[in-house]
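A short worksheet on the structure shown next.
The values are calculated or read from the model by the stated rules, or taken from the named source; none is laboratory data. What you see is a predicted model; the values in this text were computed from it and never measured. Cβ coordinates were reconstructed from backbone atoms using ideal geometry, including for glycine residues, and neighbour counts include every protein chain displayed. All accessible areas refer to the heavy atoms of the entire protein, side chains included, with ligands and DNA or RNA removed. Shrake-Rupley method; radii C 1.70, N 1.55, O 1.52, S 1.80 Å.
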Amino acid sequence: MTTSGETTGQKLHPEDRHFIIVGAGPVGLLAAILLVQEIDALQVTIYESRDGLITDLQESYPVGVNPRGARALDRARPDMAIALRKRGVMVDAWKIYAGRRMIAEVPSGLVVGTTRSMINEMLYEEVRKHFRGRIEIKWGHRLKSLDLLERRLVFDVKQPATDPDLARTYEEVTVEGGGARMLACDGVWSEVRAFAENHVEGFKSQITPWGVQFRLLFSKPGAGALAPYLKPENHYVMSGIYVSIIEGNVWVMGLGIDDGLPAQTRDLLLATESTPTRVAALRAYVTKKAPLAAPFLTEEDLSMYFKRRSFRGAMVKVNRLNLGEWGVLLGDAAHCVIPPIGEGFNSGAEDVEVLMDAMHHDLDNPFSKYNEWRLPDLHALHELAFDVNQSNFGNLGPEKISRLITSMMVGLAKSCGVFRTTWEDMSFGADAFPPKSYLEIGSVWRWQRLFLLPLARIIVWPMYLLVWVVMRPVQLMWTVMTGPNRGGGGGGGEGGGGERGRGGDGTQKSKRA
């Protein structure tokens with residue numbers, strides 16, 4: 001596999017130079033640009049369910065563009081990564097805090113802190129300025145069905161609203177794709193992937209929900225002056241809260257709402273109505289978790305938090321990336337990971353590079369060649385992401401504790417010179433340049449944990465079982481003593497109602513139990 005951008009001098013036949021892309025996110029726009037530039041595509045049509053480009057900073061979320069993603073952007077335009085650095089902030093280091101005390105640091109200097117919407121906006125402007133005649137974006141087209149055998153796509157298209165008080169209407173539009181190739185860049189909840197699983201023989205996907213969802217708090221521009229200990233060139237992890245500066249000198253806090261949090265805390269962090277009581281409780285929560293950052297938040301900032309949606313995703317693994325030679329999956333549609341990995345946009349951007357190389361290499365079967373080159377690397381990325389999800393999120397138990405202790409031992413071994421690097425260093429730290437394959441990063445991660453994880457389990461599991469044996473009689477006794485009160489009192493009814501009120505979340509907890 002190469003990502004050099006070198007071509008063989010061959011070109012696709014005219015009938016193979018039309019492309020359909022589902023999804024106008026960063027991966028879809030980048031793919032469209034490179035298809036025109038490198039493959040000499042005659043026409044690329046992008047179908048996007050949203051009504052238009054989202055540029056509102058507060059409707060996006062922070063991302064880090066590492067050397068892997070920067071290389072792909074530069075392949076689209078030689079100075080695009082430089083332009084991104086001018087608008088974003090180069091991250092010198094990630095600093096991990098417990099309260100006011102820094103407990104770990106991952107130096108970098110190779111990652112640009114930005115937002116998904118900023119990347120999308122830059123790519124869209126590139127399309128609008130230089131490729132308007134050959135790249136067309138059809139907004140408001142939501143994929144409804146897909147016939148892979150007939151190569152036909154059916155979209156629900158939003159119609160103009162005649163009355164703002166009436167619901168939007170949709171018109172069904174059929175797109176015959178037999179004379180084009182199709183790229184599915186439609187995200188973690190990909191409709192194309194879902195149709196493939198139901199209708200393509202042998203195609204399988206594994207969807208593992210994150211053990212966490214995220215919700216954002218934004219400061220006023222320049223509010224960082226109220227928190228002098230925070231430096232714009234650093235990103236901070238503070239007891240489950242991610243703190244960073246983004247465009248316009250605005251600080252953002254990403255609150256991780258772990259599925260294992262107490263119900264009362266989850267109810268607060270997921271509430272959708274702002275009240276003085278909730279605002280005060282949110283300030284107390286943030287102050288406890290991130291005391292160095294809390295001072296820059298105003299009452300209005302805290303109140304606005306309850307009006308924003310939360311982000312929940314899933315890890316995606318597929319057993320193949322191509323749907324014959326007509327369709328192919330890229331980005332989150334093929335391999336969504338989890339934010340702490342730092343490879344969401346970057347891995348999708350590299351997908352596009354590998355696909356271009358495959359199309360240069362094999363004009364007749366480019367999608368099969370892409371699958372051959374890319375799939376093992378993406379499976380290595382998924383394995384790493386799965387471990388990070390298990391280690392950081394979900395209910396606290398012996399396995400999670402064992403994984404956390406293993407991570408601490410790896411960090412300690414590195415500080416003592418036993419290990420030269422870690423997977424974090426190779427992904428977004430000081431060793432991220434030149435970009436390493438996920439197979440290489442994964443091999444370092446597995447080797448370092450080969451003996452440390454079993455050692456941690458040997459320590460943790462006996463202690464956990466001992467505590468369980470000692471505490472179980474006490475728990476049973478407490479249940480017997482409090483049972484009649486819970487059965488007949490108003491408090492028990494209220495607690496039951498609260499559990500029912502959580503709906504789907506309560507169901508998920510029952511499944512985990």
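Greater than 21 Å separation of Cα atoms is the criterion. Which listed pairs, 95/414; 288/400; 86/289; 317/369, meet it? As for pairs spanning more than 21 Å Cα to Cα, those are 288/400; 86/289. Mind giving me the nanometre distance, one decimal, between the label points for residue 413 and residue 104, set 7 Å out from Cα along Cα→Cβ? Reported label-point gap for residue 413 and residue 104 is 1.4 nm.
To the nearest ten degrees, helix 490-501 and the longest principal axis of the Cα atoms of the chain are 10 degrees apart.
Across region 251-341, the mean sequence separation of Cα contacts (distance under 8 Å, 6 or more residues apart), normalised by length, yields a relative contact order of 22 percent. Would you mind classifying region 263-303 by shape? Square roots of the alpha carbon gyration tensor eigenvalues, ordered a ≥ b ≥ c; an a/c under 1.5 is rounded, otherwise it is prolate if a/b is larger than b/c and oblate if not. The shape class here is oblate.
For residue 307 and residue 85, a Förster radius of 30 Å and the Cβ-Cβ distance give a FRET efficiency of 0.40, rounded to the nearest 0.05. Its relative contact order, with pairs defined as Cα atoms under 8 Å and 6+ residues apart, puts the chain at 17 percent.
Is region 48-122 best put as rounded, prolate or oblate by its Cα gyration tensor, with a ≥ b ≥ c the root eigenvalues, rounded for a/c under 1.5, and otherwise prolate when a/b is larger than b/c, oblate when not? Taking the square roots of the gyration eigenvalues as a ≥ b ≥ c, region 48-122 is oblate.
In the complete set of protein chains, residue-level accessible area for residue 27 is approximately 20 Å², probe 1.4 angstrom.
At a Förster distance of 22 Å, what's the computed FRET efficiency of residue 430 paired with residue 383, Cβ-Cβ distance as r, to 0.05? Given R0 = 22 Å and the Cβ-Cβ separation, E is 0.40.
Solvent-accessible surface of the chain, taken per residue with a 1.4 Å probe and all protein chains present: 47 Å². Add -39500 (n - 2.57) for each DSSP H run of 4 or more in the chain, then divide by its residues: what number comes out at 222 nm, to the nearest 500 deg cm²/dmol? Result for the chain: -14500 deg cm²/dmol, rounded to the nearest 500.
The string of couplings for region 455-462 from the Karplus curve (6.51, -1.76, 1.60, θ = phi - 60°) is 4, 4, 5, 4, 6, 7, 4, x Hz, one whole number per residue in order, with x for Gly and Pro. Here the accessible area is traced with a 1.4 Å probe on the protein chains. For the chain, carbon and sulfur cover 57 percent of it. Largest accessible area first, the listed residues 100, 215, 403, 312 line up as 100, 312, 403, 215 when surface is computed with a 1.4 Å probe on the assembled protein chains. Dipole orientation for the chain: of the candidates 111, 452, 349, 452 has the Cα lying most toward the positive pole (charges on Cβ; Lys, Arg +1; Asp, Glu -1). Between residue 479 and residue 194, residue separation times 0.36 nm minus the direct Cα-Cα distance comes to 98.1 nm. Between residue 465 and residue 231, the modelled labels are 4.8 nm apart [label points 7 Å from Cα along Cα→Cβ]. Taking one quarter of the surface of the C-alpha convex hull of the chain gives a mean projected area of 27.8 nm². Given their separation in residues at 0.36 nm each and the Cα-Cα distance between them, residue 263 and residue 42 gain 74.1 nm when the chain is fully extended. Within the straight-line cut-off of under 13 Å between alpha carbons, the aspartates and glutamates reachable from residue 129 are 121, sequence neighbours fewer than 8 places apart in one chain being disregarded. Within the straight-line cut-off of under 19 Å between alpha carbons, the lysines reachable from residue 144 are 158, sequence neighbours fewer than 8 places apart in one chain being disregarded. Grouping the Cα pair distances of region 334-387 into 10 Å bins from zero gives a pair-distance distribution of 25, 48, 23, 5 percent in increasing distance order. What is region 24-78 by shape, rounded, prolate or oblate, if you read a ≥ b ≥ c off the alpha carbon gyration tensor as root eigenvalues and call it rounded for a/c under 1.5, prolate for a/b larger than b/c, and oblate otherwise? It is oblate, given that a/c is not under 1.5 and a/b is not larger than b/c. A straight chain from residue 299 to residue 129 at 0.36 nm per residue would run longer than the Cα-Cα distance by 57.1 nm.
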